[in-house]
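See structure below.
The values are calculated or read from the model by the stated rules, or taken from the named source; none is laboratory data. Predicted model, so just to flag it, every value in this text is computed and none were measured. Note that we place each Cβ from the backbone using ideal geometry, even for glycine, and neighbour counts take in every protein chain shown. With ligands, DNA and RNA removed, areas are computed over all heavy atoms of the protein, side chains included. Shrake-Rupley method; radii C 1.70, N 1.55, O 1.52, S 1.80 Å.
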Amino acid sequence: ADLTGLGRFALEVQLSKPFAPEIAARHVHYDAEGIALVWIFSTLENPMPQGFHDVVAMQRGNAFVFDDEAEAASLERGTLVLKCFMEDGQGGWREPRLIVLDDLQTGAGRSAFVEDCRSEVLKQRSKQVRARWWDAMKLAREERPNSPEYSNHYEDPWSDMKSGVPGVWEWERDFWID
């Protein structure tokens, strides 16, 4: 859709379960063309398929649904209306709201979204993880000023990283001794 004054949009009505490489490739393609990609579901399944999680991640924690309520609002207003679910930061959704394409932010990368529900959460999580490593590093330096890289203070943050980052424990198993 090329909407004068609003921009160009690709509306992906998602009925099948997409895979992460397909999702990323479509975002890259449409971004290169100057087109905002909006993924639309008919419903939010619970549990949601992984591909739908990936779409929501690309849309910064927003899920767009075209259901009976959105259809009725579209007919009443004479324009496309979508129901927007936004992550609540606790693993659920805020109360959904009806939106139109004018409500979308499209100038911040490859995603179209109403509100960025992901970036601040990720920044805060990163700050917390860095703080744990920084505290361990300071304690290790106090304990062994000439060789702070070897310390028991790193055990807790390292264990957290192994449990939270796929593949890190395999890296440790295969390469730690070297």
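Side notes on the structure shown:
- DSSP assigns beta bridges within the chain; of those with both partners inside it, close to 65 percent run antiparallel.
- Computed from the C-alpha gyration tensor, the three semi-axes of the ellipsoid equivalent to segment 132-178 are 22, 13, 6 Å, from longest to shortest.
- Adding -39500 (n - 2.57) for every DSSP H run of four residues or longer, then dividing by how many residues the chain holds, sets the calculated 222 nm ellipticity at -13000 deg cm²/dmol.
- Sum of side-chain charges, Thr43 neighbourhood, beta-carbon under 15 Å (Lys, Arg +1; Asp, Glu -1): -3
- For the chain: relative contact order, % (alpha-carbon pairs under 8 angstrom, 6 or more apart): 15 percent
- Loop-located chymotrypsin sites (Phe, Trp or Tyr not before Pro) in segment 71-178 whose Cβ has at most 16 other Cβ within 10 Å (DSSP): Tyr150, Trp176
- Computed lengthening from Arg8 to Trp169, 0.36 nm per intervening residue step minus Cα-Cα distance: 53.5 nm
- In loop segments of segment 96-178 as defined by DSSP, the GluC sites (Glu not before Pro) with at most 13 further C-beta atoms inside 10 Å of their C-beta are Glu149.
- Top of Met48, Met58, Met137 by mean-square fluctuation, Gaussian network on the chain, Cα under 10 Å: Met137
- Local electrostatic count at Arg132 - Lys and Arg +1, Asp and Glu -1, tallied over other residues with Cβ under 9 Å: -2
- Computed on the Cα atoms alone, the convex hull of segment 1-76 gives a volume of 102 cubic angstrom per residue.
- Rounded if a/c under 1.5, otherwise prolate or oblate - segment 58-114, Cα gyration tensor axes: oblate
- Converting phi to 3J(HN,Hα) with the Karplus coefficients 6.51, -1.76 and 1.60 and the offset θ = phi - 60°, segment 18-32 yields x, 10, 3, x, 5, 4, 4, 4, 5, 4, 4, 4, 5, 4, 4 Hz in sequence order, with x at every glycine or proline.
- The value of relative contact order for segment 1-93, using C-alpha pairs under 8 Å at least six residues apart, is 23 percent.
- Nonpolar atom fraction for the chain, defined as the carbon and sulfur part of the 1.4 Å probe accessible area, stands at 52 percent.
- Calculated volume of the Cα convex hull per residue in Å³ (choose from (1) 162; (2) 121; (3) 132), label: (1)
- Arg125, Arg118, reordered so the largest accessible area comes first (probe 1.4 Å): Arg125, Arg118
- When both segment 26-58 and segment 124-172 are represented by their alpha-carbon centers, they are found 35 Å apart.
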